[in-house]
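Below: the structure, in structure tokens.
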Amino acid sequence: MIFRPEKLKIKDQRMVSFIDSDELWGYIHTTPATKEKVREVIAKSLDKNRLTLAETAILINATDPDLIEEIKQGARMLKEKVYGQRIALPIYIGNLCTNNCSYCGFKATNNKVKRVTLNREDLISQVRALEDTGQKRLILVYGEHPKYDANFIAESVRTVYSVKSGPGEIRRVNINAAPMDIDGFRIIKDAKIGTYQIFQETYHRETYARVHQGGQKRDYDWRLTGLDRAQEAGIDDVGIGALFGLYDWRFELLGLVRHTNHFEAVYNVGPHTISFPRIQYASELNLDKSNMVSDSEFTRLVAILRLAVPYTGLILTARETAAIRDEIMQFGVSQIDGGTNIEMGGYSKRKEHEEQDIDLEQFQINDNRTLNEIMDDLIEQKYIPSFCTACYRLGRTGEHFMEFSVPGFIKRYCQPNALMTMVEYLEDYAPPETKAKGYLLMQEKLDEIEDESFKIKLTEKINQIKDGQRDLYF
């Protein structure tokens with residue numbers, strides 16, 4: 001069900017490309033960034049309003065160091081109004097691929113890669129290994145290949161949900177896979193997935209054609225409208241992304257905002273998450289380096305993105321170093337990964353800090369901290385690490401999620417639910433030092449709650465978790 005774009009019947013403009021390069025460059029080239037305008041745009045974002053393309057271009061065009069710092073400070077302030085850190089990990093199900101993407105270690109022409117597809121027993125082993133560290137959320141990642149059709153994906157999702165290891169269980173399975181037709185998305189939806197991610201990689205059509213030389217992925221429009229088909233199939237929780245370094249970062253940033261605006265205009269809900277991975281070394285990497293994004297540009301673009309889309313989850317991957325991740329988390333990143341291993345079958349056989357073979361992986365990981373090291377660091381920085389999946393299982397997704405999040409209610413749900421999942425981790429998996437730090441942070445957060453009746457309810461649930469109950473939420 002992957003390779004049949006000709007079967008898609010376009011019934012309206014929802015299935016037509018919505019990216020106009022001239023429009024995006026027009027905003028970049030014609031929108032001045034005066035001090036007054038920049039401050040007006042920041043103030044609008046801090047009032048929890050999504051920015052227009054023109055307003056986002058104003059922030060992009062602000063090059064004065066003082067203004068850039070004001071933008072970053074605005075993102076830090078906005079973070080206080082946005083829910084905290086979630087942690088999820090990828091499991092690579094299979095690296096068979098018919099595409100020939102110049103930036104990817106799994107491309108079809110790379111003969112150094114050992115091609116593997118996890119069977120049911122392999123997948124169960126991976127899931128158990130992750131559950132035994134405390135994971136509650138996973139992202140399943142698939143190569144683009146006829147073998148990985150909708151039925152294959154749905155079955156792997158059901159397998160993950162079936163695995164229980166001691167107190168461990170996976171409560172939410174997200175998907176990063178190829179675009180499907182509408183019928184295929186319906187099959188996957190029935191497996192009760194969380195978010196379906198499709199990254200456009202680059203919104204610049206000519207660059208897209210240059211870096212995708214083979215396979216179905218070379219069809220720009222089929223990929224761009226993939227999540228529209230997911231929406232038509234009833235999957236209202238979707239994630240978009242761009243791979244920064246393929247083309248000018250300013251254009252890609254506006255492309256992400258334009259994609260967000262498209263979803264809101266057509267489906268009355270934006271994407272649940274936006275990812276912004278930056279190109280790292282990969283086996284057989286063959287790219288023009290002129291658009292590589294520096295650390296200063298990267299931190300700047302994430303701050304702008306946070307202001308442009310106040311209520312959209314931002315996902316920061318372990319491609320980045322711990323130092324870069326620590327800085328960018330200040331801008332309201334809502335999901336990170338910890339203890340990441342992108343080698344096929346890597347979780348069940350890895351040792352802590354073991355060097356991994358880049359020729360077995362899709363790209364290079366630069367933050368090799370274990371899950372508990374990530375948890376400990378987040379707690380040290382007063383973040384609440386969250387394994388919460390409540391909204392998804394209570395139906396607070398898509399348009400309904402926006403009803404909760406846009407008025408500001410989401411913080412009332414996310415913070416207490418995050419605290420409860422943190423307590424689960426502290427009780428079941430944390431070493432004594434992390435456990436002690438975590439409970440100190442929990443008490444600090446409880447003391448900040450002004451609603452006494454709600455604080456009592458939350459404290460009761462936390463005590464129930466300490467007594468052995470699990471999976472409690474508001």
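The values are calculated or read from the model by the stated rules, or taken from the named source; none is laboratory data. Keep in mind that this is a model prediction, so the values were computed, not measured. No Cβ is skipped: glycine too gets one built from the backbone with ideal geometry, and neighbour counts run over all protein chains shown.
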Among (1) in contact with a Gly (Cβ under 9 Å, 6 or more places away or on another chain); (2) part of a loop (DSSP other than H, G, I, E, B), which single condition is Glu320 missing? (1)
Against the condition modelled with pLDDT under 95 and either more than 21 Å from Ile93 (Cβ to Cβ) or within 21 Å of the chain's Cα centre (by Cα) (or both), how does Gly241 come out, does it pass? no
Some residue of the range 200-222 being under 15 Å from the mean Cα position of the chain (by Cα), in contact (Cβ under 8 Å) with a residue 24 or more places away in the chain and assigned by TED's automatic domain parsing to the domain that holds Ser162: yes
Yes or no: Val257 over 19 Å from Asn366 (Cα atoms), outside any helix (DSSP H, G or I), over 13 Å from the mean Cα position of the chain (by Cα) and not polar (S, T, N, Q)? no
Kindly indicate whether Leu51 is assigned to a loop (DSSP other than H, G, I, E, B), among the aliphatic types (A, V, I, L, M) and within 22 Å of the chain's Cα centre (by Cα). yes
Among the residues listed as Lys136, Lys147, Lys189, the single one being in the same structural domain as Leu246 (by TED's automatic domain parsing) and touching a residue at least 60 places away in the same chain (Cβ under 8 Å): Lys136
Is it fair to say Asp471 is under 18 Å from Gly168 (Cβ atoms), touching a Gly at 6+ places or on another chain (Cβ under 7 Å) and not polar (S, T, N, Q)? no
Take the residues in the range 62-78 that are touching a Lys or Arg at 6+ places or on another chain (Cβ under 8 Å) and not basic (Lys, Arg), then tell me which one is surrounded by the most Cβ atoms within 10 Å (Cβ to Cβ). Ala75
From the list Ser386, Ser405, exactly one residue is at pLDDT below 75 and surrounded by 20 or more Cβ atoms within 10 Å (Cβ to Cβ). Which is it? Ser405
Residues to consider are Asp359, Asp288; find the one that is closer than 25 Å to Ile28 by Cα, modelled with pLDDT under 80 and either hydroxyl-bearing (Ser, Thr, Tyr) or over 18 Å from the mean Cα position of the chain (by Cα) (or both). Asp288
In the set Tyr267, Tyr311, which member is in the same structural domain as Arg172 (by TED's automatic domain parsing), under 22 Å from Arg76 (Cβ atoms) and either of a type in the set (Phe, Trp, Tyr) or without any contact (Cβ under 8 Å) to a residue 40 or more places away in the chain (or both)? Tyr311
Condition (residue is surrounded by fewer than 17 Cβ atoms within 10 Å (Cβ to Cβ) and under 17 Å from Ile175 (Cα atoms)) applied to the range 105-114: is it met by at least one residue? no
